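Since every read-out is calculated from the coordinates, none of them should be taken as a lab result. Remember, predicted model here, so these are calculated numbers, not experimental data.
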Amino acid sequence: MRETFWGLILSGVIGICVGAGFQIPAVVMVGGLLFALGIVVAPALIAYHRGHKHKQAILVACILIGWSGLGWVLALLWALMEPAKQRLV
């Protein structure tokens with residue numbers, strides 16, 4: 001939810017600057033987009049770093065529903081959960 005809020009704030013500031021005739025350097029805009037992308041896929045990066053069993057599924061979840069605050073939180077919780085240990089019979 002927080003990244004959605006800051007994304008709205010950032011897009012509003014960009015809109016105001018463009019509407020007022022200010023020019024935002026392309027480097028700043030590209031940097032902002034890369035930063036936002038890094039925030040959205042952070043749960044997947046955590047899952048890959050921890051060697052999570054479902055790391056590819058977490059990445060897909062981040063891409064498909066990571067833009068929403070609830071989807072991002074769920075993907076983060078999934079990435080932080082320990083996989084269930086298999087019982088030997």
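Any chance you could run the full-extension gain for residue 67 through residue 37? It's 0.36 nm times the residue separation minus the Cα-Cα distance, nm to one decimal.
Between residue 67 and residue 37, full extension yields 9.9 nm more.
What are the ³J(HN,Hα) values, in whole Hz, obtained from phi via the Karplus relation 6.51 cos²θ - 1.76 cosθ + 1.60 with θ = phi - 60°, for each residue of segment 73-82 in sequence order, with x given for Gly and Pro?
So the J values, rounded to whole Hz, are 5, 4, 5, 5, 5, 5, 5, 8, 6, 6.
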